[in-house]
1. For the range 404-416, how many residues are within 27 Å of Glu331 (Cβ to Cβ) and either free of Cβ contacts under 8 Å to residues at least 12 places away in the same chain or assigned to a strand (DSSP E or B) (or both)?
2. Where residues in the range 276-304 are buried (at least 20 other Cβ atoms within 10 Å of the Cβ) and out of contact with any Leu (no Cβ under 8 Å at 6 or more places or on another chain), which of them is farthest from Arg70 (Cα to Cα)?
3. Being modelled with pLDDT under 95 and more than 16 Å from Ala174 (Cβ to Cβ) is the filter here; which residues of the range 109-135 pass it?
4. Just to verify a result, which residue in the range 37-67, among those that are surrounded by 15 or more Cβ atoms within 10 Å (Cβ to Cβ) and among the hydrophobic types (A, V, I, L, M, F, W, C), is farthest from Phe278 (Cα to Cα)?
5. Please go through (1) touching a strand residue (DSSP E or B) at 6+ places or on another chain (Cβ under 9 Å); (2) surrounded by 21 or more Cβ atoms within 10 Å (Cβ to Cβ) for Phe171 and return the number of the only condition it doesn't satisfy.
6. Looking at this structure, is Val244 under 30 Å from Leu377 (Cβ atoms) and not in a loop (DSSP other than H, G, I, E, B)?
7. Quick test for you: out of Asp79, Asp54, Asp90, pick the one residue that is more than 24 Å from Glu242 (Cα to Cα) and among the charged types (D, E, K, R).
8. Could you tell me which numbered condition Val433 fails, if it satisfies all but one of (1) closer than 14 Å to Tyr386 by Cα; (2) out of contact with any helix residue (DSSP H, G or I) (no Cβ under 7 Å at 6 or more places or on another chain)?
Amino acid sequence: MRTGLFAFLIFLSGINGARADVALEQGWKAFAKGLANAHESLTDPADFPPKPTDRNLAEGHRYLLGHLGRLIEAEMRQDPRYPEFHRSVDMLRKWTGENPDAMYLKAPVDATGSYRVSGRVADSREWRTSERTHPGPKAPRMVTFQTITSIPGTTGELAEMGACNSQTLDFVSAFDLSLDANHRFEILIAPERPAGYSGNFLFSRKRVACPTAKTETIKDAAWLSVREIFSDWEREETLELEIVRLDAVGENRPPVTSEWIAEKLETIGRELPNQIRFWQLLQELALEIRRDVNGDGRRALPLNDINQPAPPFTAGGVAGARQLYAAGVFELAEDQALVVKVTAPVEPHYIGFQLNNLWFEGPDQQNYTSSLSGHQLPVSSDGSRYYIIAHADPGVQGWVDTTGLEKGTHAMRFIFRKDPPGDQLPHAEATLVPLQDVADLLPEDTPRVSPEERRKEIAVRQSHIKRRWRSY
């Protein structure tokens, strides 16, 4: 009897093992196919990759590996019942034209559940005053928590933007975040606000409009996104953060199964090439970084120029939340500079300027001054800021190092405590000049910067990035 039962159990385990082998084999094949398709997208003209120079190809392969690493971590670690924060961007996983001043974190949520985010910040008085005078240590210049419906780019097609696949449902920023006397806070995330609850709160289910489709529907959040934005890189500190699902605290997370791993492999294999394709389509067709695609006589991102600050053209993902953007394309010879002059009648709480390569990544902001925050570039004596995009150091305040990129994009972000009136919005203009003539466009008292002072700037950047993205 026992022998028969034992043989039957072995027989069943053999069937289950065979099924597991089949599922894993199918999942692995889907993963391998996706990896191959992603690799093809780096050079396939149909996906609009950059010109295949040595640097573009090298950065493209790194870009692919960055997406792969991000997707592996997100798929293998993230579960809305047992949520934890992970870095959706870091010094390897750069994408979406990420803000070099920001730390982007995400945690999965289930719109039917209730979650508690708890944390602590350093001195936050600048959140209330917008001054830049506190000696630190202090909180990040800006913090924004957002519930979002999806990650942009998952389909690989721009049609997802028109369908509003990825939208912000709700957000709370540093301006509104309630803290206790010990600089601690909690945020409740739920489909409905509990009766009598008056603390920090984010909706995970909400009726929202899709402007392009002219529809309004109830949508569910799939992620909580957190942006910590740093301006004073020397003195601002990251937040302490934790997230829990309230009805799963202390619960055991089930072990993995073959079917689960197979499903994750298939998801990564599907999304990896889609992400690479989507962001190249966005640059080519929506941002028009190479040509006037729609024939309207202008490019969405003008060449060696800048468009005027405005809300994002799409509220996809974490874009928006009352940010204004301005951007353009630079294409410079060795002896040229693009000088971008920005005048803000109302000083923004946060202002940032950055470059992007042709894979829509910010170039190395740790070892180059390839971005400048409002703290790093103060207002000049004439009330404007001057950003000097150039290959070589002009020896003055405001240099934004191309890091050797002949062509790329530049972008700005503005955050205000209160939306300024229309006639007091920032104004931007760009002028292409020989590098030797840069000084002609600047106030006479623009500070000079020596090579030694430039090295000190880089040292501050290196120290901050190591702290921001530390892995211990």
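1. 8
2. In this case the residue turns out to be Gln280.
3. Within the range 109-135, Thr133, Pro135 qualify.
4. If we take residues in the range 37-67 being surrounded by 15 or more Cβ atoms within 10 Å (Cβ to Cβ) and among the hydrophobic types (A, V, I, L, M, F, W, C), then Leu57 is farthest from Phe278 (Cα to Cα).
5. Failed condition: (2).
6. So Val244 fails the test.
7. Of the residues listed, the single one that is more than 24 Å from Glu242 (Cα to Cα) and among the charged types (D, E, K, R) is Asp54.
8. The failed condition is (2).
The values are calculated or read from the model by the stated rules, or taken from the named source; none is laboratory data. Here the structure is a predicted model, which means the values were calculated and not measured. Using ideal geometry, Cβ is built from the backbone for each residue, glycine included, and neighbour counts are taken over all protein chains shown.
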